[in-house]
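A short write-up of the structure that comes next.
The values are calculated or read from the model by the stated rules, or taken from the named source; none is laboratory data. Predicted model, so just to flag it, every value in this text is computed and none were measured. Using ideal geometry, Cβ is built from the backbone for each residue, glycine included, and neighbour counts are taken over all protein chains shown. The protein model used for the area step is the full one, side chains on, heavy atoms only, and it has no ligands, DNA or RNA in it. Shrake-Rupley method; radii C 1.70, N 1.55, O 1.52, S 1.80 Å.
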Amino acid sequence: MDTFHNDDAALLENVERVLGERSRAGLDGLVGGLEAIVVNTEPENFAGAVAELLRYTGYDTIQAFSSPGVDTAVMSLAGSADILITRRKGGDNPFLPFNAGLKVGDRLATRLETFVFSCHDLERYAAIQKGRGVRFLTPDIVRAPGCDFLQTAPSAFTGNSIGFIQRKDRSRGYAPPGSTPLHLDLVKPRAAHLANIGRLDHVATRVKAQDRDPAILEFLSLTNYHFDFAVYVESLNSITSVARLGAGDYAQVFTSGITPFTTPESSGPTEMFIHNWGLRAHHMALETEDIDAVVEALRADGMRYISDLVGSREEGLKQVFTVMSPTTFLVTEYIKRFDGFDGFFTKSNVTHLTKATEKQ
């Protein structure tokens with residue numbers, strides 16, 4: 001493994017193969033954009049995680065319910081994927097094997113677990129993917145009054161699950177049969193700057209160097225996304241790889257080492273993050289207007305950052321990383337792209353933000 005070194009040549013060849021296999025299997029067009037992410041917390045941190053989103057994002061709570069085994073709060077923002085905050089009340093947790101790390105301690109239930117994408121024919125999708133050997137967490141589609149749902153077993157490469165939802169109506173409900181309303185005594189602050197914090201732009205998952213290609217190829221085989229590009233930061237042993245459905249859509253980001261972890265002193269912040277925190281999503285990025293003012297308003301309200309606000313209108317974008325949330329283990333990135341900038345990232349910004357993760 002010491003001689004392993006990532007480059008894009010083999011990945012691009014395999015991307016073409018996977019896309020061809022996906023098309024021949026009849027999967028093209030079945031899966032759409034991101035509908036929701038599911039973030040599980042320790043039971044005692046459930047309300048705190050909801051309160052953080054109310055305080056530091058544009059999201060608001062539209063529904064909370066208790067169902068057998070889990071409590072759920074649905075956080076929503078017009079034009080964006082939903083954020084579901086959950087806490088388990090018992091039973092097996094299939095994500096536990098991926099959640100350990102030197103800094104995790106006993107908070108082994110905490111992680112962004114599932115990315116949920118729309119699917120317009122879930123019966124067909126499930127039949128095709130089961131025939132291809134994909135494993136799901138339930139033997140059958142889970143039926144609810146407003147939607148049908150199915151999710152994969154957690155990936156060995158990312159620790160994440162990919163979910164698929166087929167809506168039966170225009171509601172944004174997620175409650176399964178037998179659920180009861182859950183009262184949360186939480187109110188969104190009346191703060192003008194929160195209106196400038198918008199939709200979920202991307203989520204970046206940290207994966208091991210040797211699992212970078214398999215993780216991307218697996219994701220492409222499960223969705224209708226395409227590999228877009230990668231930014232290499234050789235000085236920090238880091239690659240940021242981007243998969244997109246289309247320009248302007250939510251993007252799935254994978255960050256890995258160029259070479260695998262060896263020692264804490266030599267492996268770089270990306271591989272070191274996995275060593276400390278396990279395989280998991282590192283940050284969620286939110287589109288932000290008037291970003292300079294928003295960052296300062298959030299700072300005045302207690303938000304702390306691990307990076308400076310980097311970039312400029314001339315470069316096409318500005319970005320900043322917050323400290324990691326103690327309730328979700330997620331960093332929040334606030335990002336502004338200027339004047340239709342479609343480069344998605346710049347190498348200078350990626351370098352600055354990757355360097356900042358040394359503080360974790």
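The figures follow:
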item: Alpha-carbon centroids, the stretch 182-260 and the stretch 1-20: separation in whole Å; result: 19
item: Peptide ranges 110-119, 36-45 listed from the most packed, as the mean C-beta count within 10 angstrom indicates; result: 110-119, 36-45
item: Note, ³J(HN,Hα) from phi for the stretch 160-176, Karplus 6.51, -1.76, 1.60, rounded to Hz, x at Gly and Pro; result: 9, 10, 10, x, 9, 10, 10, 6, 9, 8, 8, 6, 10, x, 10, 5, x
item: Those lysines that a straight Cα-Cα span of less than 18 Å connects to LYS103, excepting residues fewer than 8 apart in one chain; result: LYS208, LYS359
item: With all protein chains modelled, accessible area of ARG17 [1.4 Å, Å²]; result: 110
item: Relative packing of 205-211, 170-176, 46-52, which averages over residues the other C-beta atoms within 10 Å, highest first; result: 205-211, 46-52, 170-176
item: Global form of the stretch 1-43, assessed from the alpha-carbon gyration tensor, a/c cut-off 1.5; result: oblate
item: Residues of type lysines that LYS188 reaches as a straight line, Cα spacing below 27 Å, ignoring anything fewer than 8 places off in the same chain; result: LYS89, LYS318, LYS336
item: Around ASP213: net Lys/Arg minus Asp/Glu count, Cβ-Cβ under 12 Å; result: -2
item: Solvent-free Debye scattering, log10 I(q)/I(0), computed from the Cα coordinates of the stretch 45-98 at q = 0.24, 0.26 Å⁻¹; result: -0.94, -1.02
item: Per-residue HN-Hα couplings for the stretch 60-66 [Karplus 6.51, -1.76, 1.60; θ = phi - 60°; Hz; x = Gly/Pro]; result: 10, 7, 10, 6, 9, 8, 10
item: Segments 280-289, 232-241 sorted - mean Cβ within 10 Å per residue, highest first; result: 280-289, 232-241
item: Net length gained if the chain between PHE4 and THR138 were fully extended (0.36 nm per residue, minus Cα distance); result: 44.6 nm
item: DSSP-defined antiparallel bridges as percent of all bridges, the stretch 256-360, nearest 5; result: 65
item: Accessible carbon and sulfur surface of the chain relative to its total accessible area, %, 1.4 Å; result: 53
item: Cut-off under 5 Å, modelled amide H: who pairs with ASP201 long-range; result: ALA285, LEU286, GLU287
item: Options ILE258, TYR125, VAL233, ranked by Cα towards positive dipole end of the chain, top entry (Cβ charges); result: TYR125
item: Local electrostatic count, PHE344, Cβ distance below 10 Å [Lys/Arg +1, Asp/Glu -1]; result: -1
item: Per-residue HN-Hα couplings for the stretch 255-262 [Karplus 6.51, -1.76, 1.60; θ = phi - 60°; Hz; x = Gly/Pro]; result: 10, 9, x, 7, 10, x, 4, 10
item: Size of electric dipole in the stretch 173-308: Cβ of Lys, Arg +1 and of Asp, Glu -1, about Cα centre, debye, nearest 20; result: 380
item: Within the chain, percent of DSSP bridges classed antiparallel, to nearest 5; result: 75
item: Counted charge near SER66, where neighbours are those whose Cβ lies closer than 13 Å (Asp, Glu -1; Lys, Arg +1); result: +2
item: Dipole magnitude of the chain about its Cα centre (Cβ charges: Lys, Arg +1; Asp, Glu -1), debye to nearest 20; result: 800
item: Mean residue ellipticity (222 nm) of the chain, computed from DSSP H runs ≥ 4 via -39,500 (n - 2.57), nearest 500; result: -6500 deg cm²/dmol
item: Three-way shape call for the stretch 1-141 based on the alpha-carbon gyration tensor, with the a/c threshold at 1.5; result: prolate
item: Estimated distance in nm for a label pair at GLU123 and GLU358, the labels positioned 7 Å out from Cα along Cα-to-Cβ; result: 5.7
